[in-house]
Amino acid sequence: MIDPLFDADDDANTPLTPAEREGLIPTYITTRAELNAAEQENIAEADEWAFTRRRGSILDVDVLMTLHRRMLRRVWKWAGKPRQTERNIGVPAHQIEVALHQLLDDVRYWVEHRTFGPDEIALRFHHRLVAIHPFPNGNGRHARLAADALAVELRQRRFTWGGASLVEAAETRKAYVRALQAADGHDMAPLLAFGRR
């Protein structure tokens with residue numbers, strides 16, 4: 001079975017540019033499976049950091065960027081840095097910083113004024129963060145962990161995200177993408193259901 005390192009395995013992954021591919025740190029990685037394993041090991045450490053950090057809300061740009069850096073810092077040189085290239089998803093690269101600040105301002109308003117329930121605030125945050133697509137890769141994983149951190153800040157449980165690994169369970173990943181697409185059309189119900197399934 002062929003396991004190409006950089007070929008996207010479905011349309012839900014964002015391909016890296018050649019320059020971004022050169023940012024791969026471990027020299028032993030030659031397959032997608034090895035890359036996924038290395039990233040997951042790093043993400044597990046970031047997960048622990050996200051829920052034991054003493055200061056800073058996830059609703060801070062620096063904390064968001066640090067979270068991504070901690071998730072992928074041993075795998076990618078560009079971890080925690082905004083993408084510099086255009087994608088078929090996300091805001092133009094030069095608008096990332098402004099879009100992140102607008103998102104965080106909106107979410108702080110929602111929290112302060114209880115515009116939505118806590119789960120919906122965290123999932124709207126997740127959806128918009130994915131839509132901004134601030135990084136070359138790892139945006140969905142970053143946005144899920146950030147939404148979990150916000151849910152905990154709002155005194156809620158972490159989300160289940162479909163109850164299976166989105167990397168390993170193709171049907172769960174498809175359901176996740178469909179829920180995001182529904183949210184693109186302003187229907188949050190599928191994402192709210194998926195988040196707690």
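Note on the chain: GNM, Cα springs under 10 Å; of THR115, THR27, THR14, the largest mean-square fluctuation is that of THR27. Computed from phi, the 3J(HN,Hα) profile of segment 171-184 under the Karplus parametrisation 6.51, -1.76, 1.60 (θ = phi - 60°) reads 5, 5, 4, 4, 5, 4, 4, 4, 5, 5, 5, 5, 5, 4 Hz, with x in place of Gly and Pro.
Seen from a random direction on average, the alpha-carbon convex hull of segment 74-147 projects onto 5.1 square nanometres.
Sum -39500 (n - 2.57) across every DSSP H segment of at least 4 residues in the chain, then divide by the residue count to get the 222 nm mean residue ellipticity, nearest 500. Intermediate values should be presented prior to the final figure.
On the way: 8 runs with 108 residues, N = 197.
The per-residue figure over the chain is -17500 deg cm²/dmol.
The long axis of helix 32-52 is offset from the longest Cα principal axis of the chain by roughly 30 degrees. Over every Cα atom in the chain, the radius of gyration and the widest Cα-Cα span, Dmax, amount to 16.2, 53 Å. Return P(r) of segment 122-197 (all Cα-Cα pairs; 5 Å bins starting at 0; whole %; ordered from short to long distances). That works out to 3, 17, 28, 29, 18, 4, 0, in percent per bin.
Computed from the coordinates by the stated procedures, all read-outs in this text should not be read as laboratory data. Note that the structure is predicted; figures quoted are calculated from it, not measured.
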